[in-house]
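FYI, it's all coordinate maths here, none of it is from the lab. All values reported here derive from a predicted model rather than from experimental measurement. Backbone-built Cβ (ideal geometry, glycine too); neighbour counts: all protein chains shown.
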Amino acid sequence: MKEFDLVELVKDLLKDLKNQIQNEKINLKINLILKCKEESILIVADKLRLNQVFLNIINNAIKVVPQEEGEIIVFLERQDDNTILVSITDDGPGIPSNIKDKVFTKFVTGSKSGTGLGLYICKNIIEKHSGKIWAENNKNKGANLNFTIPMTTK
């Protein structure tokens, strides 16, 4: 556990993913957007593990958003109680109703590829940081994967 800038971590990750998308799949036009009112949010946490959480959730979203003009938005917001709320929103088809309540369970997947362990691992990482994680479908289309983490993890 050490102090780092969460906004910087997400900016760097989104930049790397944009480059990866451009290099691997020229035809994809997926917009990766960061929305945060603050330039910097310092937290004390396991940077490598939180990067893994962001990477897994965003990669899951990339698999399901419309390939011709998809959009994934990462919202970061400091809450009043020194907690950070993270919401990763996509404009894909949403979470299938038959797995919606168990997406954080081992071996549950809504895609044709993958083992169904990614979100299970994310849940464990967030809970080890004394946070909470949940998923929900948007009203129109797409899904939100949300989590909270304290700014200082003991």
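Can you give me the angle between helix 118-128 and the longest principal axis of the chain, using Cα atoms only, in degrees from 0 to 90, rounded to the nearest 10? For helix 118-128, the angle is close to 10 degrees. Annotation: the residues 1, 151, sorted from fewest to most other C-beta atoms within 10 Å of their own C-beta, follow the order 1, 151.
Computed over the Cα atoms of region 109-154, the ratio of the radius of gyration to the Kirkwood radius (Rg/Rh) comes to 1.06.
What does the charge add up to near residue 2, with Lys and Arg as +1, Asp and Glu as -1, over the other residues with Cβ less than 9 Å from its Cβ?
The answer is -1.
Using Cβ point charges alone (K and R +1, D and E -1), the dipole size of the chain about the Cα centre works out to roughly 520 debye.
Fraction of C-alpha pairs exceeding 22 angstrom in region 2-150: 37 percent, rounded to a whole number.
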